[in-house]
1. Going by the conditions given, is residue 41 within 19 Å of residue 77 (Cβ to Cβ) and either modelled with pLDDT under 85 or touching a helix residue (DSSP H, G or I) at 6+ places or on another chain (Cβ under 7 Å) (or both)?
2. Sort out which residues of segment 72-81 are surrounded by fewer than 11 Cβ atoms within 10 Å (Cβ to Cβ) and not in a strand (DSSP E or B), and write them in order of number.
3. Considering each residue of segment 57-70, count those that are in a loop (DSSP other than H, G, I, E, B) and surrounded by 11 or more Cβ atoms within 10 Å (Cβ to Cβ), and give that number.
4. Give all pairs with beta carbons closer than 9 Å in which a residue from segment 50-70 that is in contact (Cβ under 8 Å) with a residue 60 or more places away in the chain and on the phi > 0 side of the Ramachandran plot meets a residue that is part of a strand (DSSP E or B) and surrounded by fewer than 13 Cβ atoms within 10 Å (Cβ to Cβ); count only pairs at least 6 apart in sequence or on separate chains.
5. Quick test of your reading of the structure: residue 30 fulfils all but one of (1) in contact with a strand residue (DSSP E or B) (Cβ under 8 Å, 6 or more places away or on another chain); (2) free of Cβ contacts under 8 Å to residues at least 12 places away in the same chain. Name the failing condition by number.
6. I'd like the full set of residues that are over 13 Å from the mean Cα position of the chain (by Cα), modelled with pLDDT of 50 or more and not in a loop (DSSP other than H, G, I, E, B), limited to segment 1-33.
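The values are calculated or read from the model by the stated rules, or taken from the named source; none is laboratory data. What you see is a predicted model, and the numbers here were worked out from it, not measured in a lab. Neighbour counts are summed over all protein chains in view; Cβ atoms, including those assigned to glycine, are modelled from backbone coordinates with ideal geometry.
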């Protein structure tokens, strides 16, 4: 599996964020599609944050804004410091 890093700057790239983000993913074989594996943002102190959507009911993590696949509840945007 080959991982690819894609960086975007100061535009809305992860639905609810308006700051620099970093996306890690892999190119799907035989296509031009990038499967996002991790999304990070940088807080005002320029510290790396993990960004994801979370369902408290089902404890499911996703990288896109949508309702929970399991229970149908809205998912909450979360950012947490990346552990080193």
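1. No, not satisfied.
2. Result: 72, single match.
3. Matching residues across segment 57-70 total 8.
4. Qualifying pairs under 9 Å: none.
5. Every listed condition holds for residue 30 apart from (1).
6. Those that are over 13 Å from the mean Cα position of the chain (by Cα), modelled with pLDDT of 50 or more and not in a loop (DSSP other than H, G, I, E, B): 26, 27.
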